[in-house]
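Just below is one structure, and these are the notes that go with it.
The numbers here are math on the coordinates, done by the rules we state, and not lab data. None of the values given here were measured: they were computed from a predicted structure. Don't worry about glycine lacking a Cβ; one is built from the backbone with ideal geometry, like all the others, and counts go over all protein chains shown.
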Amino acid sequence: MTTIVLVRKNNEVVVAGDGQVSMGNTVVKSTASKVRKIEKRDVVAGFAGSTADALTLFERLEAKIEKHAGNLSRAAVELAKDWRTDKYLRRLEALMAIGDKENSYIISGTGDVLEPEGDVIGIGSGGNYALAAGKVLMDTDMSAEEVAKKAIKVASEICVFTNDNIKVHKI
């Protein structure tokens, strides 16, 4: 697992993730990048779960966004439908946090497309810790990027499957 946090603050959207890849109780990599930016459409995304599964889903998300002319809401619903019904995709184990300037969503393999209340999303093994920290930090003068980084840092101090090698993308 991993920890991903998406923060919306002061007209900025930031997704941040830790860099730890674990197999069972062993850390096999500490510098992975689990966040991506779709440059053409100003969309940021982060993945928690199996790396290969996440990469497959990211490619599908990008194709859906292009197919639906940048409409993130429509792309998210279509991806969730495919993920749930496609024989190959439904075996994929991952969660996605995605956002653009107007919307933020959590997408799951059970067909969920959830729009969170508030401006912070946390997913993955340390997601609840990052979510709690992010919600508290939203009331400070910190920027969206600073909130996201600090939220991951807090999660890394609690969750053994999260480290503090933080990667960030923002729009």
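Less than 11 Å Cβ to Cβ from Ala32, Lys/Arg counted +1 and Asp/Glu -1: what total charge do the surrounding residues give? Walk me through the numbers before you get to the answer.
On the way: positive: Lys29, Lys34, Lys167; negative: Asp18.
Local net charge: +2.
Mind checking the alpha-carbon convex hull of the range 3-170 and giving the volume per residue in Å³? Don't skip to the end; give the middle numbers.
Working: hull volume 16.3 nm³, N = 168.
Considering the Cα atoms of the range 3-170, their hull volume per residue is 97 Å³.
Using a cut-off of 10 Å between beta-carbons, work out the net charge of the residues near Val14 (Lys and Arg +1, Asp and Glu -1, Val14 not included). Mind showing how you got there, number by number?
Details: positive: Arg8, Lys9, Lys149, Lys170; negative: Glu12, Glu145, Glu146.
That sum, taken over residues with Cβ under 10 Å, equals +1.
Excluding Leu61 itself, calculate the net charge of residues whose Cβ lies under 15 Å from the Cβ of Leu61, where each Lys or Arg counts +1 and each Asp or Glu counts -1.
On the way: positive: Lys34, Arg36, Lys37, Lys40, Arg41, Arg60, Lys64, Lys67, Arg74, Lys81, Arg84; negative: Glu39, Asp42, Asp53, Glu59, Glu62, Glu66, Glu78, Asp82, Asp86, Asp100, Asp112.
Taking every Cβ under 15 Å from that of Leu61, the sum is 0.
With each pseudo-label sitting 7 Å past Cα toward Cβ, what's the Glu102-Lys40 distance in nm, one decimal?
1.9
At a Förster radius of 45 Å, what calculated FRET efficiency corresponds to the Cβ-Cβ distance of Thr140 and Val28, to the nearest 0.05? Spell out each step's value before the answer.
Working: r = 35 Å, r/R0 = 0.78.
Calculated value: 0.80.
Output ³J(HN,Hα) for the range 165-171: one whole-Hz value per residue in order, computed from phi by the Karplus curve 6.51 cos²θ - 1.76 cosθ + 1.60 with θ = phi - 60°, and x for Gly and Pro.
So the J values, rounded to whole Hz, are 8, 9, 10, 9, 10, 9, 10.
Lysines near Lys64 by alpha-carbon distance under 25 Å, same-chain residues fewer than 8 away left out - which ones?
Straight-distance partners of Lys64: Lys34, Lys37, Lys40, Lys81, Lys87, Lys101, Lys167, Lys170.
Mind giving me the FRET efficiency for Asn10 and Asn71? R0 is 25 Å, r the Cβ-Cβ distance, nearest 0.05 is fine. Mind dumping the intermediate values first?
Numbers: r = 24 Å, r/R0 = 0.98.
Efficiency at R0 = 25 Å is approximately 0.55.
Over the range 60-156, what relative contact order in percent results from Cα pairs under 8 Å that are six or more residues apart? Each step should come with its number before you reach the end.
Details: 117 pairs, mean separation 16.5, N = 97.
The normalised contact order for the range 60-156 reaches 17 percent.
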